[in-house]
Every structure is written in C-alpha cells, then in structure tokens.
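**Student:** This is the structure, below, for whatever I ask next.
Taken together, the values in this text are just the output of simple stated rules run on the coordinates, not laboratory data. Note that the structure is predicted; figures quoted are calculated from it, not measured. Positions of Cβ are generated from backbone atoms using ideal geometry, with glycine treated the same way; all protein chains shown enter the neighbour counts.
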Amino acid sequence: MSRRRGFALAETELRSFDRSVSLRCHVQRPDRYRLIEALPADVPRITRGAGVSYVAASFANDSVAQDISSFDRILEFDAERGLIKVEAGVPIAVVVRFALSQGWLLPVAPGHPRASVGGCIAADVHGKNPARDGTFRRHVETIELFDPLSGWLKLDRTENGARFAACFAGFGIPGLIATATLRLVPAASGYSLRSVAVAGLREAREVLLAHATAPVLYGWHDGQPGCFGRGVIRFGLESKEPITGKTKRAADLPIAVKPWPVCAWNRGGIAAMNQLIRRRHGPGQTHVGIESALFPLNDARAYYAGFGAEGFVEAQWLLPHARYDEFVASLEAEVARLRPRISLIASKLFDGVAEGFSFDGKGISLAIQIPQPKAKTQAAFIESLTELALIHAGRPNLIKDSSLSAACVQRGIADFSSHRDGLRVFDPNQLQQSELTRRLEL
C-alpha cells in the first residue's frame, strides 16, 4: 500500500449503513480517469460509490476503496428514445429528477436517494414494484468498465455479454463500472396512493397479487407478538392530474445518519411507531409526486437514528408462493416463542427469474428489520429466522443482510459454486475484494 505512482491514498474509517461493520481502510478518491488507471494492477481494490449499502459491500481493511463519487455527471440524453448516459458515481435521485424534468422516468430506484448508479448495478437493486418492473438490470443498455488487467471495456448484451450480465449482483467483482446507459420510460404526472388494511401476512400476499400491475406496490407490517403481520398494503396508480400547489421536497437522507445515544426501538417505542404508521396510512387516497413515492426513506431519518449506535440487521428473504403460507405460520410461532423486537416487516411481490446472485424470482419477499442484533434474544431470532427461510426454499438478499454466512448463502442460492466461478473468470487474481465478498466467500 505504500507505493505512489500518480495516485494518493487516505486512511479513513468506513462503516456500513446498518452499523454492523466499521474498518480503517485505504481510500483512493480519483477525479480523473487516469487516476483510476494509476493504481497498480496488482493492488487489491473494490469500487465505492455512495457507501449506503446496508452491508460492507464497498470496503475491506486491506483493499483500496476506489471512491468514484467525483464521477457524477450526466453525459448524454436522447429525448426521443429515452436513453440517458451517466457516470457511475451519480446519485440515483439526480438521474430520477433529471428524467422527470424531461417527462421520463427510471422505473427502478432503491429507497436511498444517494445510492450511486454503479452501486445499483453492482447490487442489481429492485424498486417499488419488482413484479412489474423487474430489477435494475432490465433498464441498463450499456456499461463502460475498467479492468486492472484488460483496461477499458465496453459491455452490452451482445458485446462482452457474459461480463455485462456478471456486473448485475456482481458486487464489483467484474471490474470498476465507469459509465452506464439507462433506458427510461414515459413518466406519469403523479401517483394516486391508496392503502388496504390487512390482518396478517397471508392476507397481504393476496392483496399484493391483486395489484400486481401497479407502479408502486409494497406492504408494511407489525412484527410484534399478538399483532404479528397486521398492517397495510400501499399501492399507487398512475394519475393524469398534475400536482397542484407548492410542495416542499424533503431533504435527501444523509449517507450516514447520526445515531441517537440510546436505541429507541424497545417494545414501547416500536408499539408507538406502529400506531403512528397505521394512523398515517389509513384508508383513503393521496395524490403525490413520483419522486416522493420513489424515495420514502427521505422521511426516515428519525427511524434510522433510533436504532442507536448498535445499529440493526435487515434480513430479506424471497419465499416461493408454494411455501409462503407455511413459512409465515412457522415465523409467527417463532416470534411468539422468542418474543424478539422487530421494528418493521416490509412485503413486496416478485415475478422474475433468479439469475446469479440477484435478489429476484417468483414469490413474496419479506424484509425484517431487527434492532440491537447482537443482543441475546435478537441474535437467537436472527439465527432461527435464517434457518426457517432456508427450510422453506427462501432466497436471501446478499446486499441487505450482514448476518448471512457463506454456508447459509450456499444453501440459499442454487448453483452457488458455478455462479461464483463464473464471476471470478473476470477477476482471476481476486483483486476485487470487499468485506461482503470475503464473508460470503465470493
């Protein structure tokens, strides 16, 4: 790490968004492409965008984190065909806002507005209705990538097609993504958001299936014993009515949310939060702008701060329809037995194909957020949840869950070894390494 050949390194503490991992790391912050090239080809590295993934996907203690946040420009826009070329460090909210200003929409965006386009590709993120819009890969036309051995490469579905496919949920292993061309769709004026109350997670599945074509579709549910699964399904329909009056846009969620001194999500705090959400998302219809619907986390500062310094774990599993009801019954029984503190459960409908390590397939996903994951009861529940999901053929979301072990992922991802070997073809010297890729033995 001591060599200097036209590049500079800083040593900085980097932390995952869920606060599970904190490491002193070497960071390169290039603002010219020649500085990306200047890092010696044999130095272990990993690309870092905004650094807002829940897990430590963009750093490791002995890899150089190549921070590409300076590469944040919109390079080209084709207003007739709805194509936009951007640098990979540009925040997803910048792309969404520019597209909306031109009458276009990027259908798939993660909840955090500061996530980089490169990070969205590397994680193959999903948006507000993956059953309708798929994951991020569906909306990417071309990629330009830097490989320390091969140099600069252009990728699409026909030229370097295997490497192009490997970039999605490749977690940076195929190389540093520099630019991407995205395909947009015509935008509506806004969404009419509606809420349907559900008594439990099995009823939630039926409501999600009934509204599968809505551009916005997700559920929020209580995770506490006695009212487990009770919540609402939110769905948004395209509206032709323009947004009237002045609307104040919430500031984007910070890259790092300063935690409160103590964890607010004890049993009383969780109960109060659930009551507030039920009141806010009661029956009726709300007309909102598309940006507000895409980035609800902008209103979640207090929620994330409330986890305190010990942070949280989000375990997200995609359960096939045939096993879903049985899984939910087993999960509810386990919650009643262990009585963990669950801050929320979110549900979504998927109707895709499981490819590589992407979080996709056909079924219902449940994202379960758990405060203070190292506490005895909490840790026991996470372990039990993982085993239940695996028994019921659940597929894990690798980019969300910092509690996953390599052994669990190998059980949860069919043909794990062949997918891993297919990724490492593009990195034969295993130069691209993060804490995530090492923990999962990718």
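**Student:** For every other residue with a beta carbon closer than 14 angstrom to the beta carbon of A264, add +1 if it is Lys or Arg and -1 if Asp or Glu, then tell me the sum.
**Tutor:** +3
**Student:** Further question: Name the residue farthest towards the positive end of the dipole of segment 204-294 from the options C263, A251, L217, assuming +1 on Cβ of Lys and Arg, -1 on Cβ of Asp and Glu, about the Cα centre.
**Tutor:** C263
**Student:** Let me ask you something else. Could you rank the peptides 183-195, 86-98 by their average count of other C-beta atoms within 10 Å per residue, with the highest value first?
**Tutor:** Order by mean packing, descending: 86-98, 183-195.
**Student:** Using a Förster radius of 51 Å, what is the FRET efficiency between R438 and K240 based on their Cβ-Cβ separation? Nearest 0.05, please.
**Tutor:** In this case the efficiency is close to 0.50.
**Student:** Calculated FRET efficiency, T213 and D156, Cβ-Cβ r, R0 41 Å, to nearest 0.05?
**Tutor:** For T213 and D156, the calculated efficiency is 0.90.
**Student:** OK, next. Using the per-residue mean of other Cβ atoms lying within 10 Å as a proxy for protection, in what order, highest first, do the peptides 166-173, 14-21, 334-341 fall?
**Tutor:** 166-173, 14-21, 334-341
**Student:** Still on this structure, I have one more. Once you order the gyration tensor axes a ≥ b ≥ c over the Cα atoms, which shape class does segment 353-442 get: rounded for a/c under 1.5, otherwise prolate or oblate by comparing a/b with b/c?
**Tutor:** Oblate.
**Student:** Compute the acute angle (0 to 90°) between the alpha-carbon long axis of helix 376-391 and the principal axis of greatest extent of the alpha-carbon atoms of the chain; round to the nearest 10°.
**Tutor:** 80
**Student:** A further question follows. Mind listing the phi-derived Karplus ³J(HN,Hα) values for segment 325-337, rounded to whole Hz, using 6.51, -1.76 and 1.60 with θ = phi - 60°, and x for any glycine or proline?
**Tutor:** 4, 5, 4, 4, 4, 5, 5, 4, 5, 5, 5, 5, 6
**Student:** Grab the DSSP H runs of the chain that are 4 residues or longer, score each as -39,500 (n - 2.57), total them, divide by all residues and round the 222 nm result to the nearest 500 deg cm²/dmol.
**Tutor:** So the calculated ellipticity at 222 nm is -7500 deg cm²/dmol.
**Student:** Next question. Round to the nearest 10 and give me the degree value, 0 to 90, for the angle of helix 201-210's Cα axis relative to the longest principal axis of the chain.
**Tutor:** Between helix and principal axis, roughly 70 degrees.
**Student:** Share of antiparallel DSSP beta bridges in the chain, in percent to the nearest 5?
**Tutor:** 90
**Student:** Turning to a different aspect of this structure: Starting from the amide H of T142, placed 1.01 Å from N in the peptide plane, find each other amide H under 5 Å away whose residue is 5 or more places distant or on another chain.
**Tutor:** T181
**Student:** Which Cα, out of L105, G151, V117, lies furthest along the positive dipole direction of segment 96-166 (beta carbon charges, K/R +1, D/E -1)?
**Tutor:** The listed residue farthest towards the positive side: L105.
**Student:** Where Rh is the Kirkwood radius over the Cα pairs of the chain, the temperature 20 °C and the viscosity 1.002 mPa s, what D in µm²/s does Stokes-Einstein return?
**Tutor:** Translational diffusion coefficient: 96 µm²/s.
**Student:** Helix 92-101 versus the longest principal axis of the chain: what is the Cα-based angle in degrees, 0 to 90, to the nearest 10?
**Tutor:** 80
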